[in-house]
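The values are calculated or read from the model by the stated rules, or taken from the named source; none is laboratory data. This is a predicted model, so every value here is computed, not measured. For neighbour counting, all protein chains shown are included, and Cβ atoms are generated from backbone atoms with ideal geometry for every residue, glycine included.
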Amino acid sequence: MVLPGVYAPQEDTALLAGALSDESLPPGAAVLDVGTGSGALALAAAGRGGRVTAVDVSWRAVCAARLNAARAGLRIRVRHGNLFTPVRGESFDLVLANPPYVPAPATGRRPRGAARAWDAGHDGRMVLDRICLEVPRLLRPGGVLLLVQSALSDPARTEALLREAGLKAAVTRRRRIAFGPVVRGRERWLRQRGLLSLADYEEELVVVRAELPV
């Protein structure tokens, strides 16, 4: 169930779900799904026996995730808040992140409504940089971050920032997809900025996997 204004599971969700299926997730592992949206990834982790906390800045997303967990008969702790604020002081074996990552023209205002799920500032890194900075403090030794983003928002910078923080980081999955409505709507601007070439008619999504050494 996806409520109006809540990000619906799309290709990036499926790509991250595939990466999740590759992970060894022992029963009772502490899992955080940040930016949970409808709760699709949180449900996938809970279905494998994880103790899942899901966070979203949108109250509608929080309600959707709770409804979907109840419908699936799965226990998920859902919290409202901005990124990691609701779980400050906690630690996790696995963090899942499908943050906003689409570069957006400057408006002088922060994204509002449904746009909070995709608009991520001039370089697409408004939330990605925060995750790279803050997530190392949330991971237990041997803990893993799985993050999905667009190639438009510089995955190499994500890897570099995570490595600087002491994590082992690499792109583990890639998928090229047709432009969705958000990218189509700002295609001309993205080409003018050089983020898309004249030959690009697909967007590449990647999963970055980062692990905190034991």
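A few notes on this one:
- In segment 3-17, the residues that are in contact with a strand residue (DSSP E or B) (Cβ under 9 Å, 6 or more places away or on another chain), aliphatic (A, V, I, L, M) and within 14 Å of D56 (Cβ to Cβ): V6
- Residues of segment 186-199 that are surrounded by fewer than 17 Cβ atoms within 10 Å (Cβ to Cβ) and either in contact with a Ser or Thr (Cβ under 7 Å, 6 or more places away or on another chain) or at pLDDT 90 or above (or both): E187, R188, W189, R191, Q192, R193, G194.
- Flag for G49 being over 15 Å from L146 (Cα atoms) and surrounded by fewer than 17 Cβ atoms within 10 Å (Cβ to Cβ): yes
- Some residue of segment 7-28 being part of a loop (DSSP other than H, G, I, E, B), aromatic (F, W, Y), buried (at least 17 other Cβ atoms within 10 Å of the Cβ) and modelled with pLDDT of 95 or more: no
- If you filter segment 29-39 down to residues that are crowded, with 21+ Cβ neighbours inside 10 Å, in contact with a strand residue (DSSP E or B) (Cβ under 9 Å, 6 or more places away or on another chain) and small (G, A, S), you find that the one that is farthest from V2 (Cα to Cα) is G35.
- Scanning segment 61-111 for residues that are free of Cβ contacts under 8 Å to residues at least 40 places away in the same chain, under 24 Å from F179 (Cα atoms) and among the β-branched types (V, I, T) gives a single hit, T107.
- Boolean, A65 is crowded, with 22+ Cβ neighbours inside 10 Å, farther than 15 Å from A29 by Cα and not hydroxyl-bearing (S, T, Y): yes
- Residues of segment 158-178 that are of a type outside the set (A, V, I, L, M) and buried (at least 16 other Cβ atoms within 10 Å of the Cβ): T158, E159, R173, R175.
- Failed item, numbered, when R175 is tested on (1) within 23 Å of R60 (Cβ to Cβ); (2) in contact (Cβ under 8 Å) with a residue 60 or more places away in the chain; (3) not aliphatic (A, V, I, L, M): (1)
- Filter result (surrounded by fewer than 20 Cβ atoms within 10 Å (Cβ to Cβ) and modelled with pLDDT of 95 or more) within segment 101-136: D129, R130, L133, E134, P136
- Pair list, Cβ under 7 Å, 6 or more apart: segment 29-48 residue under 15 Å from P86 (Cβ atoms), other residue among the charged types (D, E, K, R) and modelled with pLDDT of 95 or more: A30/R51; A30/D93; V31/R51; V31/D93; G35/D56; T36/D56; A42/D33
- Residue in segment 73-81 that is surrounded by 15 or more Cβ atoms within 10 Å (Cβ to Cβ), touching a strand residue (DSSP E or B) at 6+ places or on another chain (Cβ under 7 Å) and β-branched (V, I, T) present: yes
- So R175, is it among the charged types (D, E, K, R) and either under 21 Å from Y7 (Cβ atoms) or modelled with pLDDT of 95 or more (or both): yes
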